[in-house]
Protein chains: 2
Amino acid sequence: MMNFKQLLLHVNARPFIDQARFGIEREGQRVDLAGNLAKTDHPAIFGDRSYHPYIQTDFSETQTEMITPVTDSIPELFQYLAAVYDVTARSIPKEEMIWPLSMPPALPEKDEEIIIAKLKNFEDVLYRRYLAKEYGKRKQMVSGIHFNFEFGDELLRTLFSHQEEFQDFSEFKTELYLKTARNFMRYRWMITYLFGASPMSEKNYFLDESHPQEPVRSIRNSALGYTNHPNVKVSYASMKQYLADIERMIEEGKLSEEKEFYTPLRFRGGKKVADLATTGVRYIELRNIDLNPYARLGINPEQVRFLQLFLMYMLWTEEKEDCDQWVAEGTTRNNKVALEQPSDQTEFHQEGREILEGMKQMLVELDWLDSLYLVEEALTQMDHPEQTLAAKLYQEAQLSSQQEVAVALGHQYYKESHERPYQLAGFREMELSTQIFMFDAIQKGVQVKVLDESDQFLRLQFQDHVEYVKNANMTSKDSYIVPLIMENKTVTKKVLKEAGFRVPGGAEFSSMEEAVKAYPRFAEQAFVIKPKSTNYGLGITIFKEGASLEDYQAGLAIAFREDSSVLVEEFMPGTEYRFFVIDGEVQAIMLRVPANVIGDSIRTVKELVEEKNSDPLRGTNHRAPLELIQLGELEQLMLKEQGLTIESVPQANQIVYLRENSNISTGGDSIDMTDEFSEAYKKIAVSAVEALGAKISGIDLIIPDKEIDPTTDKKAYGIIEANFNPAMHMHVYPFAGKGRRLTMNVLKLLYPEVF
Amino acid sequence: MMNFKQLLLHVNARPFIDQARFGIEREGQRVDLAGNLAKTDHPAIFGDRSYHPYIQTDFSETQTEMITPVTDSIPELFQYLAAVYDVTARSIPKEEMIWPLSMPPALPEKDEEIIIAKLKNFEDVLYRRYLAKEYGKRKQMVSGIHFNFEFGDELLRTLFSHQEEFQDFSEFKTELYLKTARNFMRYRWMITYLFGASPMSEKNYFLDESHPQEPVRSIRNSALGYTNHPNVKVSYASMKQYLADIERMIEEGKLSEEKEFYTPLRFRGGKKVADLATTGVRYIELRNIDLNPYARLGINPEQVRFLQLFLMYMLWTEEKEDCDQWVAEGTTRNNKVALEQPSDQTEFHQEGREILEGMKQMLVELDWLDSLYLVEEALTQMDHPEQTLAAKLYQEAQLSSQQEVAVALGHQYYKESHERPYQLAGFREMELSTQIFMFDAIQKGVQVKVLDESDQFLRLQFQDHVEYVKNANMTSKDSYIVPLIMENKTVTKKVLKEAGFRVPGGAEFSSMEEAVKAYPRFAEQAFVIKPKSTNYGLGITIFKEGASLEDYQAGLAIAFREDSSVLVEEFMPGTEYRFFVIDGEVQAIMLRVPANVIGDSIRTVKELVEEKNSDPLRGTNHRAPLELIQLGELEQLMLKEQGLTIESVPQANQIVYLRENSNISTGGDSIDMTDEFSEAYKKIAVSAVEALGAKISGIDLIIPDKEIDPTTDKKAYGIIEANFNPAMHMHVYPFAGKGRRLTMNVLKLLYPEVF
């Protein structure tokens, strides 16, 4: 027999020892806020269940299944699990939440009120009908975690390269996973002991059937849980034997098809079990993890790390020759442990301690010390059964009821998912627009992968269609030259002017002398002097009524300090609006108003600011759609100019501005005006963006009076600039007015086939 | 009558007084380097004459016509004229040049040897046959400048707004140009006097016809030049009269069609003369400018400015009531002046002085003082006829012959056009790749407009097809996301790896701690530490044989100083080659070699560097395809490490490197290797660029041995990075190997319809 322990100890394996791939499927019943099973269908907003990679239904229409992609690390696994959970929790009806327990809430008395998932594929429906008949609908209502695990490729290749028994890597892997599986089957009672969390059933779960003596450690993992009939027997001796046994069970009618083999550990290779003969084992799926009621996601990272260590120990530790006997013993012990009283010491306490001490020893030998604490914690739980999940849940339920505990936990998780609707759990370090865009992609079933978190770089995929997206607005739909045109104000103006749009007249100068020579052209009109390539208002001087030569020169000097090229332009009076155009349509129009408060004759400026800042939409560092209003030097100066201080009490309805600039980043208000504009203005914005060749752009129009018809008055608007990286989140969650889900428009532009 | 002088004096007109639009058509005979009329056809490289906007033929196949676009300033006019001239001069056969005189070189004795332009359109050919018959082929061989002039739109609108006679702007403009034209016809003898430069004919120009008493001021502008028969009489009294007269001339058979009306000043409106009735006059075309032999381009900016001032004076100064008489008097005077002996004082000296003094007065009243000197110079020439162009050319010809003078000037201009083939006259401030790209566009007849010179931003147009191009390689053919992918090394690697290409393995770290933890993964292998986003070699440490933990940490510290994200990557040994892919094909492969000289046992390092630097391909500041090799601190240090100084004499064939890095910008050599690589490597580069979604990219491959077959050896190559703004000029003009005209490939990608 292969000595895997020896291989794992090889020094060359050390750099890859913790390398692994992880995936999770987490089931959860949809319930109303009182904890009653939802009566609604799986929400149509998720699109078609025939392909959705993240959000599915399991047995019943109410049993949501949240699926992560395969990930290379535990943090990444939990990023996706959190994100998919958040999307699910916020996409189902407002009056629903995800039930936090493995055991379902009280079930309807009548079987027909438990609705089988309404899948398109009729075979899938037939299979569920068969299951309902064979095992009863109620057992199918139990939820849990399916945990997919794969040892790292470099780790396995290193182990492979230091042995001689196998010439074929795939065969080697299969052998490795077979050993892991046999020992897992033998010792899985430990997982039931530590992670079991289904101590009691709710109403109508057990009807007239045999009822366990509740509380137990895990109804779900007991012989009374959702498991094959005892006459289903499959050997783990070899892959050949395993596949032959499953085939035989089907022939003998003990299983309807291979996927009905509900082992706690499934081998995974190709699409079907039979494919394993050719693919070998590529990864394994653990199915015996109860939902952790105290983790919003149903499981936490420490549990996953412990499972990884446990599986490695299964590979590391010795096994017995007679493997069928070995596995059968495991089943016996597991079934006993599952039905033990959760606060009692387990019958196999001694073996439990030995396994855990063995794991400790392994970690020491592999120099994997930072995970030792997890085994120590498990040891504590081994000695203190009252600290296990099942015991804790049961104890808490004694104070009220399991139902009430579950509803309270559900409410808590509901709140956590809903309190910052503009953020996506797991990806909160990314820009808001990207978080919102990812939310939409996950909701619609477009696969999304973060290629670079700090660069907001995503890879999307739907079937074979791959797209890359940066900042949620930079896509393959725009051409390379478009942002370069927009980046250059002179070029933008030339292109727009040629296409017949009104842009500020003016000229570009690269020397003071040249610019001064042009003075007579501007002297008598309203104009603005600005550096060619700054965006932040630096170096800009506005002359609303012309200027003397001295003032003109002074303005130029200021601008030339910022850039070697300076623009002198006609000043266009009016209000600036941002028109957000996507794929030939204005999807949002926004007015940005400088930071301000409105008086009430009672509160001081400071108090009014505090109150305005308490809006959950306001935050700092672009982690919220609006920024907190500051009361710094600039704001106080602005107050002073109005004869106010932060302690002044403005009159009722008096608007007090705290900033001159209208940037959202300095506390400004974003006000959606999309429905306030006539089609004529929208048409101008759309055509201008089209003239620039862009699919996605935020174009800024100066409009003196939006009631004026721009088709008759040529001066009704002027175009200031077009932006190739326009912020989107402020439109989705504006300060006032209707939110506009621009991210969904972008997704639709990229994937019309999904909509 | 309108008082245009009063309008011009209005203060509101002042800012726009020098505003005008200009265009030039310059004819020139192709000759061999001995000055014989070329026997070759108009080069096929220019494509189809049916649309070429820049390079055409006039009457004969040898008579090239170079056409500028309409420009808004004189400097811009000369940019285009110089560029079109350069393109023409360098695109015709190496053994040909442009004849610098208006009068053609010696003509063949037999008429049939003067080849009429081989135009596609048969009507065009028929018209030329008619002209040959009506005027003789020889007169058609004279060349000159056609000067298109339009007063600035804002200037004209300002004048229009301060008068009341005309309600219609178009009618006002027509009236304005009519006055300008009548006075021009009256005083045009001045232009013949100042700019006339066709004093003598060459062999076989005049056969048995009447021969003037040579030298004269301008054969071309005399009654013996290419002019209508005297019975063609057209009135300038009004547009109606003018059009009616032309129509009558055609009806009476005195003209074959309207374009045969060879007036020195043509009105321009629509496509045909008759369109003027509806369009009004939009601009005027002067046709009486001889080629200035002393200007490579046939005319210089001072002449154009003088013409502008002269035309404005024609509008400013009074005219006589009887305008037909007035114009007729002008024709009489012009014909006299044209045939005067060029060194003699003109008969109309007094009138000439009065006009010029009047122009001075106008400039003073309009506060347009910086152009006064041009009028002063004209006054000097009025008093000193020997300083006029015709007199100077004649005097010089006395020392040898006009033929020899012309050939010498032709050679000088030939040299000026050819000495820096990588530059484009008129646009030398732009990047080389853009200059070369513009050359190609002009050659192929794709209209090119510089939208922003310092930003290398071009607008191209062919028929209705508009494209914008930046840096000659950023186009609409690439999508916005492509450069963003390439800009991010991590994303690039992920995309390439996923597509199955070999990229350096490794990881990205954002903290020292995290990176140190990964030490065992790299300790024993060749690897490199680099900041995620620097490109200039800063912060990079290479460990070719693994590293100790200390050295690893030191390398990390250096990298973290440059960026908050650091990559630790497998080091791939081999030679780096740049594969330049355009539209799915490798168009060039380049090896870059560090600055070096090769010894000859005689010269010192310093002398060898001097010799290598004398290559015209080497220059400074990217104004040449290669940079001068420096002998600064770094180079001397590098010599010292080899035990050398700049005074050492290296042995024959000893290669002495002066730099470690291979950048062209530090004196490196660019060596074209395109034909040295097998298709297999090219296929890898093409597929990798395709995987990144790019149409244009320079992708860098590390190749240990290019003779190894990459289809069998997986480690035959590794991809380092892909560039979205790859330099092109170094491929077009490499230090060694064949030049690859990548700019033409880009043009073809954008405009397949032209090729």
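Residues in the range A:179-205 that are in contact with a strand residue (DSSP E or B) (Cβ under 8 Å, 6 or more places away or on another chain) and not in a loop (DSSP other than H, G, I, E, B): A:T180, A:A181, A:F184, A:M185, A:I191, A:T192, A:F195, A:S198.
Conditions tested, residue by residue: (1) buried (at least 20 other Cβ atoms within 10 Å of the Cβ); (2) touching a Cys at 6+ places or on another chain (Cβ under 7 Å); (3) modelled with pLDDT under 95.
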| residue | (1), (2), (3) |
| --- | --- |
| A:D675 | no, no, no |
| A:Y681 | yes, no, no |
| A:L692 | yes, no, no |
| A:K695 | yes, no, no |
| A:A716 | yes, no, yes |
| A:P726 | yes, no, yes |
| A:H731 | yes, no, no |
| A:G737 | no, no, no |
| A:T743 | yes, no, no |
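Which of the residues that make up the range A:429-443 are among the polar types (S, T, N, Q) and farther than 12 Å from A:M728 by Cβ?
Within the range A:429-443, the subset among the polar types (S, T, N, Q) is A:433-435, A:443.
Matches in the range A:429-443: A:Q443 only.
Go through the range A:11-53 and count every residue that is under 18 Å from A:L291 (Cα atoms) and not hydrophobic (A, V, I, L, M, F, W, C). Before the answer, list the steps.
Here is the first cut: in the range A:11-53, the residues under 18 Å from A:L291 (Cα atoms) are A:22-31, A:35, A:37.
From what is left, the residues that are not hydrophobic (A, V, I, L, M, F, W, C) are A:23, A:25-30, A:35.
So the answer is 8.
Note on the range A:644-699: residues that are free of Cβ contacts under 8 Å to residues at least 60 places away in the same chain and over 31 Å from the mean Cα position of the chain (by Cα) total 16. Close contacts from the range B:457-484, counting a first residue that is more than 7 Å from chain A (Cβ to nearest Cβ) and a second that is among the acidic types (D, E) and not in a helix (DSSP H, G or I), with Cβ to Cβ under 8 Å and a gap of 6+ residues or different chains, come to B:R459/B:E467; B:L460/B:E467; B:Q461/B:E467; B:N471/B:E431; B:A472/B:E431; B:K477/B:D583. Checked against the criterion of being in contact with a strand residue (DSSP E or B) (Cβ under 6 Å, 6 or more places away or on another chain), β-branched (V, I, T), touching a residue at least 12 places away in the same chain (Cβ under 8 Å) and assigned by the TED database to the domain that holds A:S198, the candidates A:V281, A:V216, A:V273 yield just one match: A:V281.
Where in the range A:206-323 are there helices (runs of 4 or more DSSP H), lying wholly inside it, with at least 3 residues that are within 23 Å of A:T71 (Cα to Cα)? Even if it seems obvious, please write down each step before you answer.
Numbers: elements: A:239-251, A:276-279, A:301-316.
Here the list reads A:301-316.
A:E175 meets all of the listed conditions (1) farther than 23 Å from A:Q303 by Cα; (2) part of a helix (DSSP H, G or I); (3) touching a Leu at 6+ places or on another chain (Cβ under 9 Å) but one, namely (3).
Scanning the range B:487-508 for any residue that is of a type in the set (A, V, I, L, M), under 44 Å from the mean Cα position of the chain (by Cα) and within 8 Å of chain A (Cβ to nearest Cβ) turns up at least one such residue. For A:N292, all conditions in the list (1) free of Cβ contacts under 8 Å to residues at least 12 places away in the same chain; (2) under 24 Å from the mean Cα position of the chain (by Cα) hold save one; what is the number of the exception? Here A:N292 clears every test but (1). Filtering the range B:49-88 to residues that are of a type in the set (F, W, Y) and either crowded, with 20+ Cβ neighbours inside 10 Å or in a helix (DSSP H, G or I) (or both) leaves B:Y54, B:F59, B:F78, B:Y80, B:Y85.
Restricting to the range B:81-99, name every residue that is touching a strand residue (DSSP E or B) at 6+ places or on another chain (Cβ under 9 Å) and either assigned by the TED database to the domain that holds B:Q447 or among the charged types (D, E, K, R) (or both).
Step one: filter the range B:81-99 for residues touching a strand residue (DSSP E or B) at 6+ places or on another chain (Cβ under 9 Å), giving B:81, B:83-85, B:87-89, B:91-93, B:95-99.
Scanning the range B:81-99 gives B:E95, B:E96.
The set of residues from the range B:159-178 being farther than 15 Å from B:G269 by Cβ and either at pLDDT below 95 or surrounded by fewer than 21 Cβ atoms within 10 Å (Cβ to Cβ) (or both) comprises B:F160, B:S161, B:H162, B:Q163, B:E164, B:E165, B:F166, B:Q167. The single condition among (1) within 14 Å of chain B (Cβ to nearest Cβ); (2) buried (at least 19 other Cβ atoms within 10 Å of the Cβ) that A:S454 does not meet is (2).
Selection of the range A:346-360 for residues being in a loop (DSSP other than H, G, I, E, B) and without any contact (Cβ under 8 Å) to a residue 24 or more places away in the chain yields only A:E347. Looking across the range B:418-429, the residues that are surrounded by 18 or more Cβ atoms within 10 Å (Cβ to Cβ) and within 11 Å of the chain's Cα centre (by Cα) come down to B:Q423, B:L424, B:A425, B:G426, B:F427. Just one of (1) in contact with a strand residue (DSSP E or B) (Cβ under 9 Å, 6 or more places away or on another chain); (2) of a type in the set (A, V, I, L, M); (3) in a helix (DSSP H, G or I) trips up B:L8, so point out which. Every condition holds for B:L8 apart from (1). Scanning the range B:527-545 for residues that are out of contact with any Phe, Trp or Tyr (no Cβ under 8 Å at 6 or more places or on another chain) and in a strand (DSSP E or B) turns up B:K530, B:T541. The single condition among (1) within 14 Å of chain B (Cβ to nearest Cβ); (2) of a type outside the set (A, V, I, L, M, F, W, C); (3) within 28 Å of B:L567 (Cβ to Cβ) that A:E431 does not satisfy is (1). When residues in the range A:546-566 are screened for being touching a residue at least 40 places away in the same chain (Cβ under 8 Å), within 52 Å of the chain's Cα centre (by Cα) and part of a helix (DSSP H, G or I), 3 of them pass. Filter the range A:89-106 down to the residues that are in contact with an Asp or Glu (Cβ under 7 Å, 6 or more places away or on another chain), crowded, with 16+ Cβ neighbours inside 10 Å and part of a loop (DSSP other than H, G, I, E, B) and list them by number. The answer is A:S102, A:M103, A:P104, A:P105. From the list A:Q443, A:Q412, the one residue that fits, being closer than 26 Å to A:L626 by Cα and surrounded by 22 or more Cβ atoms within 10 Å (Cβ to Cβ), is A:Q443.
Of the strands (runs of 3 or more DSSP E) lying entirely inside the range A:659-755, those containing at least 3 residues that are touching a Gly at 6+ places or on another chain (Cβ under 8 Å), of a type in the set (A, V, I, L, M, F, W, C) and in the same structural domain as A:D583 (by the TED database) are A:696-703. Which residue is farthest from the other protein chains (Cβ to nearest Cβ), if the candidates are limited to the range B:656-698 and must be among the hydroxyl-bearing types (S, T, Y) and closer than 30 Å to B:L639 by Cα? That would be B:Y657.
Within the range A:722-744, can you find the residues that are closer than 24 Å to A:Q456 by Cα and more than 19 Å from the chain's Cα centre (by Cα)? Can you show your working first?
Going residue by residue through the range A:722-744, those that are closer than 24 Å to A:Q456 by Cα are A:722-734, A:739-744.
Once the filter is applied, which keeps residues that are closer than 24 Å to A:Q456 by Cα and more than 19 Å from the chain's Cα centre (by Cα), the range A:722-744 yields A:A722, A:N723, A:F724, A:N725, A:P726, A:A727, A:M730, A:H731, A:P734, A:G739, A:R740.
Take the conditions (1) free of Cβ contacts under 8 Å to residues at least 60 places away in the same chain; (2) away from chain A (no Cβ under 14 Å); (3) of a type outside the set (K, R); (4) buried (at least 19 other Cβ atoms within 10 Å of the Cβ); B:M512 misses just one of them, which is (4).
The values are calculated or read from the model by the stated rules, or taken from the named source; none is laboratory data. Remember, it's a predicted structure, so these values are computed and weren't measured experimentally. No Cβ is skipped: glycine too gets one built from the backbone with ideal geometry, and neighbour counts run over all protein chains shown.
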